[in-house]
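Data block below; observations after.
The values are calculated or read from the model by the stated rules, or taken from the named source; none is laboratory data. The structure presented is a predicted model; accordingly, all values stated were derived computationally and were not measured. Heads up, the Cβs are rebuilt from the backbone with ideal geometry, glycines too, and the neighbour counts pull from every protein chain shown. Surface accessibility is based on the protein's heavy atoms, side chains included, excluding ligands, DNA and RNA. Shrake-Rupley method; radii C 1.70, N 1.55, O 1.52, S 1.80 Å.
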Amino acid sequence: MLQRLGIRKVAYDWRKEHVPTFEEEILAYKKHDLEYFAFWSWHPDMEPLIARHDIRPQIWVTCPSPQGDTQQARIEACAAELLPHVKRTEKLGCKLGLYNHGGWGGEPANLVAVCQHLREKHNAEHVGIVYNFHHGHGHIEDFADVLRQMQPYLLCLNINGMNDNAQPKILPLGQGKHEKAMLQTILTSGYDGPIGILDHRSDVDAEKSLRENLEGLEELKTDLR
């Protein structure tokens, strides 16, 4: 399917039932010349496989939303909670992507602050941000500002069709009101890192969903400068 679509990199999401087939997935990507680009969350069974198969996926984890009396206390608590991931990914030679998934930890300013803290206090230059449009509907209007804040730390941008109030939350590219302007902002910013599309629609065949995004992106690109 991915070869038919012309997709060469994969971010792998999984559930408990997929753990026994982690290695099978890696081997299938190698067989079809696909890059194992990212692995969602963490599972200890993945650690020996990364070394055995000499892959270096980004590890994407939700940035925590700890409580604290002050902003600095929350930043420090978040960093402390992430430290096992930080040390593990450094050992494995993988980048650690803090994923915006709502709450305090999903706010761009907090993602940036946690990255800065980890880099300054723990020499964690491999830690960055994975920013997802579909979890960022609250920042449509100030996207240019938040992109500028995040840009030094961005590991990947995952794009999505964008309407007001997340109606709907998951929408193919080209079917929303705001994604064209947001893509123009990305282009103007000079960001040249990875950009991802997502399926995330259980009611639609994955190939159809991904193809809709690719076709929508192609249409949007004709208006970008």
Toy charge model, Lys and Arg Cβ at +1, Asp and Glu Cβ at -1: region 150-225 dipole around Cα centroid in debye, rounded to 20, equals 220 debye
If R0 = 35 Å, then Glu24 and His122, at their Cβ-Cβ distance, give a FRET efficiency to the nearest 0.05 of 0.50
Within the set Ala79, Ala28, Ala109, GNM on the chain using Cα springs under 10 Å gives the largest fluctuation to Ala28
So Asn165 and Lys16, fully extended at 0.36 nm per residue minus their Cα-Cα distance, gain in nm 50.5 nm
Kirkwood radius from Cα pairs of the chain plugged into Stokes-Einstein at 4 °C, 1.567 mPa s, gives D in µm²/s equal to 70 µm²/s
Heavy-atom accessible area per residue of the chain, all protein chains kept, 1.4 Å probe, expressed in Å², is 52 Å²
Counting every C-alpha pair in region 98-212, the percent lying more than 17 Å apart is 55 percent
Once both label points are put 7 Å beyond Cα along the C-beta direction, the His43-Lys208 separation in nm becomes 2.8 nm
Once Ala77 and Asp33 are pulled to full extension, the length gained, defined as 0.36 nm per residue separation minus their Cα-Cα distance, is 11.8 nm
